Amino acid sequence: MDYSNRKSAAGSEPENVLTVTDVNRHVKRNIESDPGLNDVWIKGEISNFTHHASGHMYFSLKDKNAQIRCVMFSRFAGTLREKPKAGAEVLAYGSVSVYEKRGEYQLYIRYMQPAGMGALFLEFEKLKKKLAAEGLFDSERKSEIPKFPKRIAVVTSPTGAAVRDVINVISRRYPAVEVTIAPAVVQGDAAPASIRAALAKAAQLPRLDTILIVRGGGSIEDLWGFNDESLARDIAACTVPIISGVGHETDFTIADFVSDLRAPTPSAAAEVSVPDLTELVAGLNNVENRLLRITKDSIRYFNTRIDTVSATVSYRRLLDEIDRKRQYLDDLMNVAKKQLVYDCRSLRERIESLGKQLNGLDPKRVLQRGYSVTRDARTGKIIRSVKSVKNGQLLNVSLGDGDILTRADLKANESQGALDFD
């Protein structure tokens, strides 16, 4: 914009007079065209915070020498884990522009997190771009999830809430499937190596159809083990379809992007891994009802044809035509009956098979085959190792037909794992 030669003759108005809007718009264009202001990270302390009813957030970021007005629109504010508070130090990402109406320049924030987490986020974004460029996230390389799996492996912590949620959902929806837990550490420095080892063991299981990698929600640090590059490459190389269900709906990890299917939560991962048995039975019932309707419609159609023929042909030809149609109708009914019998028998056998498999999952039946479960008589905690038993400790042994209260007697060969009960 050229501001030269703006002088006017005495008593006349200057040429090319600008409006306030013109000036603000010109300043806005110049700021927005500066690449150094398009994608910026700014660290500062929140002040004058206002959360509007529209969902937009208005506040300032300040340091000890200056401040800048900020706006975070609702579509971005909705991704925040916690509502920002005045006085909190944050790291904000966005672009600088001008609000023309008031002639104020301000930071339009697209992402924000507590100060100190910026390094992790940048590391996450760097790895994400690297693997995406290699094609590890491409849908073309991902496998389809089996609709009727016979065996599923779950890579997760054996003591967390996530494993209980997964087992409960699968047992309710499709009890015929076999579920195997591949225990792993899912938090801390040891998590990546532990998850990789559990994934490798799970992938070697026979008759395995699907692998679930799940963990409950947490902070970015809690979920960081699922952002490991080596783990991502192991997931991409796995020949068994993998479903990830890590954290909450707003959480994303590298494991989510590279897996064959991403579910927002562990429970959601369990739901998409198996069909709903109730819906399957309802579908078979619909097929049966549809076949019955087709049969009835065919009968009505041929009855109408018979009436039409009877009005246009001679009595003898009419009888012949009726006999032929009756024979065809008999054949049609026989086929329909055979199909109905076959469908009903298949449905009944399927339901009986599912019932037997469900009974086979009953822990009491395992005990009745000669196995037992030993617990601490005082706390009820299951004893998994001789090393956790003290001499003279009171124990409760559960058998198929009852319980035995006994006391541990550690022998001299305890180092070989021997444990006697008196």
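The values are calculated or read from the model by the stated rules, or taken from the named source; none is laboratory data. Quantities reported herein were computed from a predicted structural model and do not represent experimental measurements. In this analysis, Cβ positions are derived from the backbone assuming ideal geometry, glycine residues included, and neighbour counts consider all displayed protein chains.
Which of the following residues is crowded, with 23+ Cβ neighbours inside 10 Å and within 30 Å of Lys356 (Cβ to Cβ): Ile242, Ile167, Ile195? So that I can check it myself, show each step before the final result.
Details: Ile167 fails: crowded, with 23+ Cβ neighbours inside 10 Å; Ile195 fails: within 30 Å of Lys356 (Cβ to Cβ).
Just a single option satisfies the conditions, and that option is Ile242.
Looking at the structure I just gave you, is Asn334 in contact with a helix residue (DSSP H, G or I) (Cβ under 9 Å, 6 or more places away or on another chain), farther than 30 Å from Ala153 by Cα, surrounded by 10 or more Cβ atoms within 10 Å (Cβ to Cβ) and not assigned by TED's automatic domain parsing to the domain that holds Glu221? Spell out the reasoning first.
Numbers: in contact with a helix residue (DSSP H, G or I) (Cβ under 9 Å, 6 or more places away or on another chain): no; farther than 30 Å from Ala153 by Cα: yes; surrounded by 10 or more Cβ atoms within 10 Å (Cβ to Cβ): yes; not assigned by TED's automatic domain parsing to the domain that holds Glu221: yes.
No; evaluated as a whole, the condition is false for this residue.
Could you look through the stretch 220-238, keep only residues that are part of a loop (DSSP other than H, G, I, E, B) and free of Cβ contacts under 8 Å to residues at least 40 places away in the same chain, and pick out the one that is farthest from Gln187 (Cα to Cα)? Give the derivation first.
Kept after step one, since they are part of a loop (DSSP other than H, G, I, E, B), are these residues of the stretch 220-238: 220-223, 228, 238.
From what's left, free of Cβ contacts under 8 Å to residues at least 40 places away in the same chain: 222-223, 228, 238.
Details: Asp222: 6, Leu223: 7, Asp228: 12, Cys238: 22 Å.
Of everything passing the filter in the stretch 220-238, Cys238 is farthest from Gln187 (Cα to Cα).
Of the numbered criteria (1) modelled with pLDDT under 95; (2) more than 17 Å from Leu131 (Cβ to Cβ); (3) crowded, with 23+ Cβ neighbours inside 10 Å, the one Ile211 fails is (1).
Among the residues of the stretch 59-96, write down those that are of a type in the set (Ser, Thr, Tyr) and either modelled with pLDDT of 95 or more or surrounded by 15 or more Cβ atoms within 10 Å (Cβ to Cβ) (or both). Break it down stepwise before answering.
Initially, the stretch 59-96 is screened for residues of a type in the set (Ser, Thr, Tyr), giving 60, 74, 79, 93, 95.
The answer is Ser60, Tyr93, Ser95.
The set of residues in the stretch 98-157 that are touching a residue at least 12 places away in the same chain (Cβ under 8 Å) and of a type in the set (S, T, N, Q) comprises Gln106, Gln113, Ser143, Thr156, Ser157. Selection within the stretch 257-271: residues that are out of contact with any Gly (no Cβ under 9 Å at 6 or more places or on another chain) and surrounded by fewer than 23 Cβ atoms within 10 Å (Cβ to Cβ). The member of this set that is farthest from Phe124 (Cα to Cα) is Glu271. Summed over the stretch 131-149, residues that are over 20 Å from the mean Cα position of the chain (by Cα), on the phi < 0 side of the Ramachandran plot and outside any helix (DSSP H, G or I) total 1. Every condition in (1) at pLDDT 90 or above; (2) loosely packed, with under 13 Cβ neighbours inside 10 Å; (3) outside the structural domain of Ile220 (by TED's automatic domain parsing) holds for Lys129 except the one numbered (3).
For the stretch 200-208, the criterion of being within 25 Å of Val169 (Cα to Cα), touching a helix residue (DSSP H, G or I) at 6+ places or on another chain (Cβ under 8 Å), surrounded by 23 or more Cβ atoms within 10 Å (Cβ to Cβ) and in the same structural domain as Ala153 (by TED's automatic domain parsing) is met by no residue. Exactly one residue among Thr295, Thr250 is in the same structural domain as Leu208 (by TED's automatic domain parsing) and surrounded by fewer than 21 Cβ atoms within 10 Å (Cβ to Cβ), and that residue is Thr250. Note on the stretch 378-410: among residues that are surrounded by 13 or more Cβ atoms within 10 Å (Cβ to Cβ) and among the β-branched types (Val, Ile, Thr), the one that is nearest to Thr159 (Cα to Cα) is Ile383. Restricting attention to the stretch 337-364, the residues that are of a type in the set (Phe, Trp, Tyr) and either surrounded by 12 or more Cβ atoms within 10 Å (Cβ to Cβ) or at pLDDT below 85 (or both) total 0. Could you check, for the stretch 253-271, whether at least one of its residues is of a type in the set (A, V, I, L, M, F, W, C) and modelled with pLDDT under 85? There is no residue in the stretch 253-271 that is of a type in the set (A, V, I, L, M, F, W, C) and modelled with pLDDT under 85.
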